1. Please rank R242, R125, R29, fewest neighbouring Cβ atoms within 10 Å first, as an exposure proxy.
2. Using a 10 Å cut-off around each Cβ, can you sort Y127, Y68 from fewest to most neighbouring Cβ atoms?
3. Set the Förster distance to 41 Å, then compute FRET efficiency between E97 and K202 from the Cβ-Cβ distance, nearest 0.05.
4. If neighbour count is taken as other Cβ atoms inside 10 Å, put D191, D32, D72 in order from fewest to most.
5. Compute the signed sum of charges (Lys and Arg +1, Asp and Glu -1) over the other residues within less than 9 Å, Cβ to Cβ, of V31.
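Laboratory data are not the source of any read-out in this text; all were calculated from the coordinates shown. Just so we're clear, the structure is a prediction, and the values are computed from it rather than from any experiment. Methodologically, a virtual Cβ is constructed for each residue, glycine included, from the backbone with ideal geometry; neighbour enumeration extends over all protein chains shown.
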Amino acid sequence: MRYIIIFLLVFSSGCGRASFRQVRYVSTRDVDAKELPERFAKLLPEKFSLIDTIVFKYRGRAFSGIGYTYVDTRNNIFKVACLNPVGVKLFEITACENEVKTNFVLEKFSELGDLSKAVAEDIKRIYFNRIPSKDAQIRKTRNKVIFRHQKDEGILEHVFAGVDKTPPFKVSGGSICARLCPQGYEGIPMDNLLITKNYYEKERLIWSVSYYQWHNNHGKIYPAGVVFKHHRYKYELVSRLREIRP
């Protein structure tokens, strides 16, 4: 898509390497699949503000930036601003329900009327609809629990699995800054979290979100390592959590 190419050209090229440790799968034999969505929902904050480093990958090239995101899942509101590594603001967008407002956009983007909507939709796919529908079909495999339900013109799939035992890392935000572990934090179990969201149309994978790492901050969890892939348009967004703001 034309807007993607222009968007990437404005970014300064970065190292582009943003690999994450793979999920450590564990047995789901004793997991109550029906209770997973409710348990997971209790771990998610309704409102939060994050600062992430982001890497866009397109046609073998990688471009880096800094993202500032505010999310209110209860009221379906979010705000996002993106700067390139030298501090130049690329865009600032506010969205409420299905209405998207462009507060600022760099001149190079002004001719692209669908940019705001496209960016907003991808942000929503990462931070919204992370809890399976109550009427979703459930399938449990040896090490995954998979929920599938009708969404728009296709099927939305939520995959829960794994235990995160990656080493400690630093994130600002007033917490002990530790990776999730099997023992959990403040008595909350941290196994079998959401690892993937997939969206299919006519059995073809259109886009996917992979949650490789979750960060626990005072009993609420935040995506610390995310890869969004748009398989139809062949581009990828990689996000690393840097700071949680009140």
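1. R29, R242, R125
2. Numbers: Y127 21, Y68 17.
Ascending Cβ contact count within 10 Å gives the list Y68, Y127.
3. Working: r = 28 Å, r/R0 = 0.67.
That pair, E97 with K202, gives E of 0.90.
4. Numbers: D191 18, D32 11, D72 15.
So the residues, fewest neighbours to most, are D32, D72, D191.
5. On the way: positive: R29, K140; negative: D30, D32, E35, D191.
Around V31, the surrounding residues sum to -2.
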